[in-house]
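The values are calculated or read from the model by the stated rules, or taken from the named source; none is laboratory data. These numbers come from a predicted model, not from an experiment. For neighbour counting, all protein chains shown are included, and Cβ atoms are generated from backbone atoms with ideal geometry for every residue, glycine included. These area figures cover heavy atoms from the full protein model, side chains too; ligands, DNA and RNA do not enter into them. Shrake-Rupley method; radii C 1.70, N 1.55, O 1.52, S 1.80 Å.
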Amino acid sequence: MIKSWLRCGGLLAPPLAWALSTQLGQITPYLDCRQAVPWTAAFAGAFLVVSIAGVAASRATSTELVKSQRFVADAGFLIALAFVFALSLQGTATMLLDPCQR
């Protein structure tokens with residue numbers, strides 16, 4: 001039962017992490033500017049780790065899968081990689097841009 005949820009980890013965790021990172025990326029620059037603490041970069045890094053865990057979860061399947069289960073695992077892997085790339089770009093942008101400039 002748990003392995004079937006792990007196979008879907010690439011389909012569930014990275015898009016959710018990206019959505020949360022995008023929403024927090026709209027809110028936390030105000031905190032970054034006021035407190036001089038890089039909360040936006042910290043959240044982006046944490047969500048990047050969650051997304052990478054989704055990639056690992058979708059790859060942690062056995063080779064004895066039915067074709068439909070294998071397709072779900074491979075699709076989850078590819079989707080998770082796309083979201084890892086998006087989150088890495090988002091995290092890079094938060095480190096390069098000054099949150100106090102408007």
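Cβ-Cβ contacts under 7 Å between residues 6 or more apart (or on different chains), taken from a first residue in region 40-57 that is among the charged types (D, E, K, R) to a second residue that is open to solvent by 30 Å² or more (accessible area, probe 1.4 Å), are absent. Checked against the criterion of being of a type in the set (Gly, Ala, Ser), at pLDDT 85 or above, within 25 Å of Gly9 (Cβ to Cβ) and open to solvent by less than 50 Å² (accessible area, probe 1.4 Å), region 89-97 has at least one qualifying residue. Do we have any residue at all in region 63-76 that's over 11 Å from Ala17 (Cβ atoms), assigned to a helix (DSSP H, G or I) and among the polar types (S, T, N, Q)? Within region 63-76, one or more residues are over 11 Å from Ala17 (Cβ atoms), assigned to a helix (DSSP H, G or I) and among the polar types (S, T, N, Q). Within region 9-49, restricting attention to residues that are hydrophobic (A, V, I, L, M, F, W, C) and not in a helix (DSSP H, G or I), the residue that is most open to solvent (accessible area, probe 1.4 Å) is Ala36.
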